[in-house]
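The values are calculated or read from the model by the stated rules, or taken from the named source; none is laboratory data. Predicted, not measured: the structure shown is a model, and the values here were computed from it. The protein model used for the area step is the full one, side chains on, heavy atoms only, and it has no ligands, DNA or RNA in it. Shrake-Rupley method; radii C 1.70, N 1.55, O 1.52, S 1.80 Å.
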Amino acid sequence: MEVQSTITSYSQTMLQEQAAMQVQEMSLEIAREQAVAVEELIASAHTILDPNLGQRVNIIA
């Protein structure tokens, strides 16, 4: 009976490891997609041509 419980325990451990690997792969894919989106956002940002733009802030009191 001890062999059976060892096999069952090993099988459960392997299943848990496979599930953890799949979750990590999904997380990595999401991170890659987000990185691509950030790169596209940065690439699409327009350069400010006016050097004075953003130098002063009007405060209405």
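Of the solvent-accessible surface of the chain, computed with a 1.4 Å probe over protein heavy atoms with every protein chain present, carbon and sulfur atoms account for 60 percent. Probing with 1.4 Å while keeping every protein chain in the model, the per residue accessible area of the chain equals 104 Å².
Normalise the Cα radius of gyration of the chain by 2.2 N^0.38 Å (N = residues in it) and let me know the number. Mind dumping the intermediate values first?
Working: Rg = 26.7 Å, N = 61, 2.2 N^0.38 = 10.5 Å.
Its radius of gyration relative to the 2.2 N^0.38 Å reference: 2.54.
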